[in-house]
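Structure, as structure tokens:
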Amino acid sequence: MKKDYIGILVLICCVSLVPFFIQNNYYIGVFVFTGINCLACIGLSLLMGYAGQISLGHAAFIGIGAYSSAILTVTYHWFPWFAILAGVVFSVITALCIGIPALRLKGHYLAMATMGFGSIMHIVAVAAIDITAGPSGISGIPKLSLFGFELNTDVQFFYFIWFVVILGLYLAINIIHSREGRALRSLHGSEDAARAMGIHTSMYKIKIFLFSAVYASLAGSFYAHYVNYIDPDPFGVMHSVLLLTMVAVGGIHQLWGAVIGAILLSLLPEFLSSLTEFFDSFNITYQTDYDTIIYGSILLLIMLFMPEGLVKGISTFYKYTIGRYLIPKHETK
Amino acid sequence: MTDTAIELIGLKKRFGGIFAVNDLNIKIRSGTITSIIGPNGAGKTTVFNLISGFIKPTTGSILFSEQNITQKEVHDIARMGVARTFQQVQIFPEMSVLENVMVGRHVRSKSGFLLSCIVPPQFRKQEAFIKTSAEKWLSFVGLNSMADHPAGTLPLGNQRILEISRALAMEPQVILLDEPASGLNARETLALGELIERIKMSNITVMLVEHDMELVMEISDRVIVINFGQVIADGSPAEVQMNPEVIKAYLGE
């Protein structure tokens, strides 16, 4: 637990330095999206890594958050923070509706239910033109303001979103190390034993599912208020899969895995686009469609060689290579 | 505290065409060690699964301290004070040994999900209390030196003891031990017998399903032999050993 708090301090230092090294607003924006993904991934990691349940519809909760914010502020002129809150309430209600039937059953019913839910929500967003404006999207979503102080610049929003991410991470870490967290981890270890310990397993699964839906919903609302325009595109099932990939790449059994995975995979497209120029110099055209192949191979390689994810994989690698020479042998055990 | 800890009344459980448990009427006196023995497939584990609520009986009822628990959920029965271990060790492998036992304190502590995020002072206090009581039960079984090891890395014998320790941390009135000696070597079995007797001394009723006859005969106050889901002998270890029905069931005719 102490390690986690130190990790948070390190993260705060890294994050606060980013705007000093990167002046370009575009790249600050990339880091804002990274933060938004981080937030959603932390919630997903709580659900997947600690409660052992898979959600393939998290993008839909992001969508609910985003659309609630957009519709309530643009059409009904709500105050943005109330709209965000309403989004959270909607997400919790929908999560309850899916979670109660799906999580009372053993096994991966939640994965199936959420996948179906994800595609339904996407279709609704595209087709319910009167409410969501369909594929043309909703524009003119107001910027967020904090204590009467509008978050105008990218750097301001950057600090805001990472503050939220770190707060979210801090809360999640506290949960993991509490009685509630132990109950969650135990039902991942052995559901029967957890029940015999007096743990109401389906209740815990539902609770953590709601909790992760709240994270996703907030991520969606902040996305809407940052970009000021939304359309159904980013809330499809593919984005759910991408979030899942982020969590899996970082390592599902650690919250830090979600953070690292989200950062790496959110920054990857930028790296890949610079690769385009590199390939151009060899007269090979690199198309953005190839990104999918790269995502796929990264996931495949991680699953093959580091099934516990990058965070665990690298620390094990360190222990058996460099660590061997740094720490006297009898202590490495 | 009532004199009868567990009472089974006309308990039947049918799986398809066969009765795994067929009309059991048993009263378990509190503060005793009762062993249920019988050939493989006699329905011993089914009895435990019925008492702990993992499966529901076809007919009949189960009373715990004179309260009907027949239709109650597993976690409610656990909360009321019935702990159990499993034939196939069911520990939480990724958690530390101490954390495993701390999960056992679940029913003896309270917390709210949202409050856990911000850790108010009374939670820290409770957390410290959960930890000390878990440590107490860990040293009760003698595993305290391994508190920080991941539970999955323990040898099987220790995992079984850990499972018992975790169940004891619930401070139950009744503990159901399902084949605790399987996979244990002779010395470990001896220590287990001594542990079970100490559990009895702490006023916990023990029910035991076990194949190790030496252990059963050594520590039991009462032995119930079942075959095809029915009681064929019931009495003190010495009485049961002399019973011709039992010899027939075990050795065949």
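The values are calculated or read from the model by the stated rules, or taken from the named source; none is laboratory data. A quick note: this is a predicted structure, and the numbers were derived from the prediction, not measured. Methodologically, a virtual Cβ is constructed for each residue, glycine included, from the backbone with ideal geometry; neighbour enumeration extends over all protein chains shown. Side chains are part of the model used for accessible areas, which takes the heavy atoms of the whole protein and leaves out ligands, DNA and RNA. Shrake-Rupley method; radii C 1.70, N 1.55, O 1.52, S 1.80 Å.
Take chain A with all the other protein chains still there, run a 1.4 Å probe, and you get 47 Å² of accessible area per residue. Note on chain A: with a GNM built from Cα contacts shorter than 10 Å, the maximum mean-square fluctuation among A:231, A:154, A:130 falls on A:130.
Relative contact order of chain A, taken over Cα pairs closer than 8 Å and 6 or more residues apart, is 29 percent. If I build a Gaussian network model for chain B, linking alpha-carbon pairs within less than 10 angstrom, which residue out of B:210, B:135, B:127 has the largest mean-square fluctuation? Greatest mean-square fluctuation among the candidates belongs to B:127.
Compactness of the protein assembly as shown, taken as the C-alpha radius of gyration over 2.2 N^0.38 Å, stands at 1.15. Panel note: contact residues of the range A:195-242 (accessible area lowered by at least 20 Å² against the chain on its own; 1.4 Å probe) correspond to A:195, A:196, A:197, A:198, A:199, A:200, A:207, A:211. In order along the range A:223-229, the phi-based Karplus estimate (6.51 cos²θ - 1.76 cosθ + 1.60, θ = phi - 60°) of 3J(HN,Hα) comes to 4, 4, 6, 7, 6, 6, 8 Hz; Gly and Pro are listed as x. When chains B and A come together, the accessible area they lose, probed at 1.4 Å and totalled over both chains, is close to 2800 Å². Computed from Cα atoms alone, the Kirkwood hydrodynamic radius reported for the range A:48-165 is 15.9 Å.
Could you give the angle, 0 to 90 degrees to the nearest 10, between helix B:121-141's Cα long axis and the longest principal axis of the Cα atoms of chain B? Between helix and principal axis, roughly 40 degrees. With all projection directions averaged, the alpha carbon convex hull of the range A:2-237 covers 13.3 nm². Taking Cα atoms only, the orientation of helix B:186-201 departs from the longest principal axis of chain B by about 80 degrees.
Basic side chains Lys and Arg get +1 at the Cβ, acidic Asp and Glu get -1 at the Cβ, and with that the dipole of the protein assembly as shown about its Cα centre reaches some 980 debye. Accessible area per residue for chain B is 44 Å², calculated with a 1.4 Å probe on protein heavy atoms, without ligands, DNA or RNA. Cα extents for chain B along the principal axes, largest to smallest and rounded to whole angstrom: 65, 40, 35. Considering the range A:232-277, its Cα convex hull presents a mean projected area of 3.6 nm². Rounded to the nearest 20, the size of the Cβ-charge dipole of the range B:4-251 about its Cα centre is 740 debye, with Lys and Arg at +1 and Asp and Glu at -1.
The amide H of residue B:230, built 1.01 Å from its N in the peptide plane, has B:22 as neighbours under 5 Å, considering only residues 5 or more places off or on other chains. The alpha carbon convex hull volume per residue for the range B:71-178 rounds to 113 Å³. Each helix, a run of at least 4 DSSP H residues, gives -39500 (n - 2.57); summed and divided by the residues of chain A, these come to -24500 deg cm²/dmol at 222 nm.
Along the charge dipole of the range A:2-237, pointing to its positive end and built from +1/-1 on Cβ of Lys, Arg, Asp and Glu, which listed residue (A:123, A:7, A:22) has its Cα farthest out? Checked the options; the winner is A:7.
Rolling a 1.4 Å probe over the protein heavy atoms of chain A, with every protein chain left in place, gives an accessible area that is 71 percent carbon and sulfur. Take the Cα of residue A:93, step 7 Å toward its Cβ, do the same at residue A:3, and the gap between the two points is 4.3 nm. Mind listing which chymotrypsin sites (Phe, Trp or Tyr not before Pro) in the range A:97-172 are in a DSSP loop and have 12 or fewer other Cβ atoms within 10 Å? Sites meeting the loop and neighbour criteria: A:147. Amide H to amide H, with H built 1.01 Å from N, residue B:84 comes under 5 Å of B:176, counting only residues 5 or more places away or on other chains. DSSP finds beta bridges in the protein assembly as shown, and of those with both partners inside it, around 60 percent are antiparallel. Counting Cβ atoms of other protein chains within 10 Å of each residue's Cβ and taking the mean over peptide A:173-184 gives 6. Sorting A:36-47, A:298-309 by average packing, meaning the other beta carbons within 10 Å per residue, from highest down gives A:36-47, A:298-309. Expressed to the nearest 5 percent, the antiparallel share of DSSP beta bridges inside chain B is 55 percent.
Could you tell me which of B:242, B:228, B:216 has its Cα farthest along the dipole of the range B:200-250 towards the positive end, charges placed at Cβ (Lys, Arg +1; Asp, Glu -1), taken about the Cα centre? So the residue furthest toward the plus end is B:228. The GNM of chain B, with springs linking C-alpha atoms under 10 angstrom apart, assigns the highest mean-square fluctuation among B:125, B:12, B:72 to B:125. Neighbouring Cβ atoms from other chains, within 10 Å of the Cβ of residues in B:110-119, number 6 on average. Amide H to amide H, with H built 1.01 Å from N, residue B:55 comes under 5 Å of B:50, counting only residues 5 or more places away or on other chains.
Calculate how steeply helix B:156-168 sits against the longest principal axis of the alpha-carbon atoms of chain B, using the helix alpha-carbon long axis, and give the answer as 0 to 90 degrees to the nearest 10. For helix B:156-168, the angle is close to 80 degrees.
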